Amino acid sequence: MSQPEDSDGAAAASGPERIAAGLRHVRNRTLELVQPLSDDALQRQHSPLMSPIIWDMGHIAEFEDLWLVRSVGQAASEAQLPETYDAMRTPRSRRSELELPGRGAMLERLADVRAAADLVLTAADMADPSDRLLSGGYVYELVLEHEAQHQETILQTIHLMDSEPYTPVRRRPAPEAEPATAGEMIRVPAGIFRMGSDGAAFAYDNEVPEHPVTTGAFEIGRYPVTNGEYLEFIAAGGYEERALWSPAGWAWKEEAGAVAPLFWRPADEAGTPSVGAAAWCRSTALGVQVLDPQAPVVNVCLHEAEAFARFAAARLPTEAEWEKAAAWDPDSGASFRHPWGDAAPEPNRANLDQLLFGVAPIGSFPAGRSPVGCEQMLGDVWEWTSSRFAAYPGFVAFPYEEYSAVFFGDDYTVLRGASWATGSSVARNTFRNWDCPIRRQIFAGLRIARDV
């Protein structure tokens with residue numbers, strides 16, 4: 001189990017003590033994120049796209065109760081989440097109607113479940129390879145990563161709040177960036193690489209099995225697309241040029257009335273700016289921010305990403321191309337877990353773990369460079385690909401169908417990498433995020449590609 005930055009007991013012994021330290025760390029971070037919020041902010045559904053934050057907290061508690069208290073050692077268990085906190089049986093559109101506990105009761109529930117899980121952990125046998133849930137602590141990493149993913153969901157909701165400002169408990173300044181040229185491309189040669197996880201470390205079912213994939217030669221952005229590059233798209237009339245948009249994208253743009261990424265506002269409310277970073281600002285519950293032209297653009301949907309790529313005489317990478325550029329070492333032929341290798345994330349390698357509370361300028365993490373030369377592939381922004389979410393050859397659902405299998409198909413597009421809000425335990429080259437093409441509340445940007 002990974003030990004992220006600032007973890008409690010990061011030097012703890014292996015086995016149950018290490019697992020308990022990891023779970024304690026991720027819980028402390030969840031509590032830090034919700035601490036500044038009023039009771040009203042916790043209970044309110046701030047957007048039909050998102051749950052009330054108190055629901056996310058309840059879902060975290062009940063997911064842990066299901067897997068670490070009721071199901072440990074019982075892979076065939078028929079236990080279910082309570083209907084209130086079951087995402088499939090109670091969709092987001094209904095969650096504002098639920099009678100949810102208040103802050104005090106929810107914190108007590110979280111603590112009670114954790115106490116029960118700690119008791120079960122002391123007796124858990126993780127040495128039996130026939131028990132797929134317990135072997136190697138799989139189920140504990142599952143629960144840890146699940147909570148970390150809900151932290152990112154909570155942060156998406158916080159950005160959408162219009163009821164009160166949000167001041168983080170902890171915040172770290174961005175590192176000083178090295179000189180970087182936006183738009184620089186990296187050539188990746190044609191050939192075979194090993195895509196996906198070999199299962200040696202924790203991976204979700206949709207990341208396995210590892211399998212050979214052949215790509216043609218292509219070039220891919222050294223960095224994610226920046227605000228400065230996206231401003232050029234806006235200034236050139238990109239939102240009005242129908243030829244840049246797919247039919248579905250144009251229909252979405254017209255209905256949504258989109259003229260810029262989500263949260264972008266004219267710096268002068270009396271005007272309608274079209275050029276220059278100073279003409280725009282970015283406004284969320286964290287406050288009004290000046291646009292940094294060197295920072296990756298964030299909160300764009302797939303349709304916007306595709307339109308920008310066409311404007312740049314490029315396209316979005318396939319997820320195979322993205323993973324090859326992030327993981328593949330042309331010298332050894334190996335594929336690594338992270339762009340810099342198999343070592344765990346560190347603060348100088350990637351913008352993760354929510355501590356910057358935003359993106360960092362390109363050139364901020366040269367130590368996180370991939371073997372072919374791409375930078376900031378983990379952290380800062382999720383990156384849209386051109387691939388629909390589908391099973392790998394030999395896919396087997398585990399430990400439950402609803403994590404991946406029910407989402408395979410043309411409705412969902414794959415995003416790769418990680419954002420500034422992603423926990424370092426989740427961030428890896430093989431991780432596959434997915435969402436609907438119209439979603440903009442997710443911390444997503446893009447990196448372009450071209451055939452060569």
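Taking all protein chains together and rolling a 1.4 Å probe, Y204 ends up with roughly 10 Å² accessible.
Entry comment: accessible area of the chain is 39 Å² per residue, from protein heavy atoms only and a probe of 1.4 Å. Each Lys and Arg adds +1 at its Cβ and each Asp and Glu adds -1 at its Cβ; summed about the Cα centre, the chain shows a dipole of about 580 debye.
Considering the dipole of the stretch 119-173 built from charges on the beta carbon (Lys and Arg +1, Asp and Glu -1) around the Cα centre, which of S130, V169, A148 is farthest to its positive end? Sorting the options by dipole projection puts first V169.
Pop out the carbon and sulfur fraction of the accessible area of the stretch 329-422 as a percent, whole number, probe 1.4 Å. C and S fraction of accessible area: 48 percent. Amide H contacts for W434 (H built 1.01 Å from N in the peptide plane; partners 5 or more residues away or on another chain; cut-off under 5 Å): L415.
Which of rounded, prolate, oblate describes the stretch 238-335, given a ≥ b ≥ c as roots of the alpha-carbon gyration tensor eigenvalues and a/c under 1.5 marking rounded, otherwise prolate only if a/b is larger than b/c?
It is oblate, given that a/c is not under 1.5 and a/b is not larger than b/c.
Sequence-ordered 3J(HN,Hα) estimates for the stretch 409-414 from the Karplus curve with 6.51, -1.76 and 1.60 and θ = phi - 60° stand at x, 7, 6, 10, 10, 7 Hz, glycine and proline given as x.
Peptides 383-393, 339-349, 95-105 ranked from most to least packed by the mean count of surrounding Cβ atoms within 10 Å: 383-393, 339-349, 95-105. Phi-derived couplings, Karplus 6.51 cos²θ - 1.76 cosθ + 1.60 at θ = phi - 60°, listed residue by residue for the stretch 17-34: 5, 5, 4, 4, 5, x, 5, 5, 4, 5, 5, 4, 5, 4, 5, 4, 5, 8 Hz, with x used for Gly and Pro.
Based on the mean of other Cβ atoms within 10 Å per residue, sort peptides 315-326, 365-376, 43-54, 190-201 so the most packed one is first.
Details: 315-326: 23.8, 365-376: 21.0, 43-54: 19.5, 190-201: 16.3.
Averaged packing, sorted descending, gives the order 315-326, 365-376, 43-54, 190-201.
Using the Cα gyration tensor of the stretch 38-112, with a ≥ b ≥ c the square roots of its eigenvalues, what is the shape: rounded (a/c below 1.5), prolate (a/b larger than b/c) or oblate (neither)? The shape class here is oblate. Here the stretch 222-326 is assigned +1 on the Cβ of each Lys and Arg and -1 on the Cβ of each Asp and Glu. Its dipole about the Cα centre then comes out at about 120 debye. In this simple spin-label approximation, D451 and D39 carry label points 7 Å from Cα along the Cα→Cβ vector, and these lie 6.2 nm apart.
Karplus-based coupling profile of the stretch 119-129, in residue order and whole Hz: 5, 5, 4, 5, 9, 6, 9, 9, 9, 8, x, with θ = phi - 60° in 6.51 cos²θ - 1.76 cosθ + 1.60 and x standing for Gly or Pro.
Dividing the Cα radius of gyration of the chain by its Kirkwood radius returns 0.95 for Rg/Rh. Amide H contacts under 5 Å for G379: A418, S419, restricted to partners 5 or more places along the chain or on a different chain, H placed in the peptide plane at 1.01 Å from N.
Over the residues of the chain, the helix contribution to mean residue ellipticity at 222 nm works out to -8500 deg cm²/dmol, using -39500 (n - 2.57) for each DSSP H run of at least 4. Roughly what % of Cα-Cα distances in the stretch 281-325 sit above 17 Å, to the whole percent? Looking at the stretch 281-325, the distances longer than 17 Å represent 54 percent of pairs.
Which of the three applies to the stretch 91-196, rounded, prolate or oblate, going by the alpha-carbon gyration tensor with a ≥ b ≥ c and a/c under 1.5 meaning rounded?
Working: a/c = 2.13, a/b = 1.16, b/c = 1.84.
Oblate shape, in that a/c is at least 1.5 and b/c is the bigger or equal ratio.
Modelled spin labels at D112 and S135, positioned 7 Å past Cα toward Cβ, are 3.5 nm from each other.
The values are calculated or read from the model by the stated rules, or taken from the named source; none is laboratory data. For clarity, every value in this text was computed on a predicted model and none was experimentally measured. Glycine also receives a Cβ, built like all others from the backbone with ideal geometry; neighbour counts cover every protein chain displayed. All accessible areas refer to the heavy atoms of the entire protein, side chains included, with ligands and DNA or RNA removed. Shrake-Rupley method; radii C 1.70, N 1.55, O 1.52, S 1.80 Å.
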